[in-house]
1. Which one of these is out of contact with any strand residue (DSSP E or B) (no Cβ under 7 Å at 6 or more places or on another chain), of a type in the set (A, V, I, L, M) and within 23 Å of ALA385 (Cα to Cα): ILE209, ILE193, ILE252?
2. May I ask you to say which residue of VAL312, VAL234 is of a type in the set (Val, Ile, Thr), modelled with pLDDT of 95 or more and under 26 Å from VAL179 (Cβ atoms)?
3. Looking at the range 55-86, which of its residues are among the polar types (S, T, N, Q) and not in a loop (DSSP other than H, G, I, E, B)?
4. For PRO320, indicate whether it is under 21 Å from GLY176 (Cβ atoms), surrounded by fewer than 17 Cβ atoms within 10 Å (Cβ to Cβ), modelled with pLDDT of 95 or more and in the same structural domain as LEU364 (by TED's automatic domain parsing).
5. Being crowded, with 16+ Cβ neighbours inside 10 Å, closer than 16 Å to GLU84 by Cα and not assigned by TED's automatic domain parsing to the domain that holds PRO316 narrows it down to one of TYR141, TYR165, so name that one.
6. Within the range 9-54, restricting attention to residues that are part of a strand (DSSP E or B) and not hydroxyl-bearing (Ser, Thr, Tyr), which residue is modelled with the lowest pLDDT?
7. Six or more apart or on different chains, Cβ under 9 Å: which pairs go from a residue in the range 248-260 that's under 10 Å from ALA383 (Cβ atoms) to one that's in a strand (DSSP E or B) and among the charged types (D, E, K, R)? Could you list them?
8. State whether one or more residues within the range 205-224 are closer than 24 Å to ILE30 by Cα, among the hydrophobic types (A, V, I, L, M, F, W, C) and in a strand (DSSP E or B).
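The values are calculated or read from the model by the stated rules, or taken from the named source; none is laboratory data. Since the structure is predicted, the reported quantities are computational estimates derived from the model, not experimental observations. Using ideal geometry, Cβ is built from the backbone for each residue, glycine included, and neighbour counts are taken over all protein chains shown.
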Amino acid sequence: MYDLLLIRYGEIGTKGKNRHVFEQRLQANIAAALRDLGIDEVERAYTRLYVPVKADLEEIIQRLQKVFGIASFSPVMRVPLEVEAIEEAAVKLVAESLRERRISPKDKLTFKVITHRANKGFPLTSPEMNKRLGACLLRKYPQLTVDVHQPQLSVEVEIREHYTYIYSERIPGVGGLPVGVSGKGVLLLSGGIDSPVAGYQMMKRGVEITAVHFHSYPFTSERAKEKVLDLAKVLSSYGGPVPVHVVHFTEIQKAINEHCPPKLMVTIMRRMMLRLAEAVAQRERAAALITGESLGQVASQTMESIAATNAVVRLPVFRPLIGFDKTEIVDLAERIGTYSISIQPYEDCCTIFVPRHPETHPKLAEVERAEERLPMEELMEEALARTEVVVCGK
């Protein structure tokens with residue numbers, strides 16, 4: 001029954017002279033999300049995008065609900081700028097709604113007509129169109145009664161420059177900004193709950209994600225690596241392919257365990273991770289690093305620990321979960337589809353050589369003295385040379 005999906009954006013509409021850049025990126029991202037369904041043309045008009053219904057409607061809807069930048073969308077019927085054509089389409093729309101709701105002629109259903117008249121050349125005003133269309137539907141369907149405050153069914157009509165669009169449903173999108181408009185960031189992706197949620201949050205702000213994962217085989221299993229790749233695949237469903245740089249981290253952890261004080265091992269390990277992530281960012285021309293840290297959650301996430309790790313990199317380090325508590329993070333992980341993967345019992349490198357009493361308030365000078373015992377350049381070069389890149393997602 002529906003010809004198109006009418007797509008609305010939210011925050012993009014607040015942009016100024018560069019709004020077209022955001023619109024074009026959203027248009028391209030929608031096309032990329034639907035291309036394998038045979039849909040590669042997304043029409044763009046003022047404040048609206050239109051997707052043709054050329055495949056299974058439910059599948060298209062599921063895809064669009066994961067495209068950042070979309071505020072909401074509606075399956076619509078597109079008809080000419082003629083009152084009779086609009087009435088005919090509205091009758092058809094209400095008939096389908098009554099059928100879906102199983103409303104018999106003896107039942108009652110409240111409704112309201114809402115007209116948005118963007119085309120001021122159309123002969124009827126919005127109130128006049130509401131009145132005429134409402135009267136038409138009341139004559140056709142005795143089940144209907146008008147309720148302008150809390151209707152069970154809203155028949156919406158958008159009268160635009162070339163066509164009229166009629167619909168009854170608004171499906172919420174994920175909002176945010178289109179992935180790619182805010183640059184590229186390198187996500188430190190572990191197998192835990194937090195880091196994939198952090199990646200999702202930054203994608204929602206328009207950041208294209210490249211991931212780096214620190215793998216400590218044979219201390220951690222190949223299944224632990226596959227778990228991380230599975231998480232990256234989930235993230236790719238929201239913003240396109242996610243390259244994962246799998247960094248060989250075993251020798252670095254062994255050297256830290258051998259040469260550094262146990263209480264500083266966690267801090268030094270985090271500093272090494274940031275150094276390596278920044279090296280990957282330079283290769284990928286990324287402008288920031290992203291972690292899943294939440295203030296005070298574990299020993300490496302105190303203010304002093306964060307300051308000590310930040311000191312080794314020049315790039316900004318974004319921590320979108322810094323003020324979240326664990327319950328909030330878990331709720332979001334469940335909603336985006338990463339939680340069930342994250343809780344699989346395959347441990348990552350952060351669980352290896354963990355001291356019983358890690359330092360929660362490390363002093364930078366003490367940490368730097370401890371690191372002098374490490375063959376830093378040799379360890380970095382070896383780890384980067386053995387890095388494997390796996391692109392996850394279509």
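1. Going through ILE209, ILE193, ILE252 in turn, the sole match is ILE252.
2. VAL234
3. Residues satisfying the conditions are GLN62, SER72, SER74.
4. no
5. Answer to the selection: TYR165.
6. Per the stated criteria, the residue is ALA45.
7. The qualifying pairs are HIS248/GLU388.
8. yes
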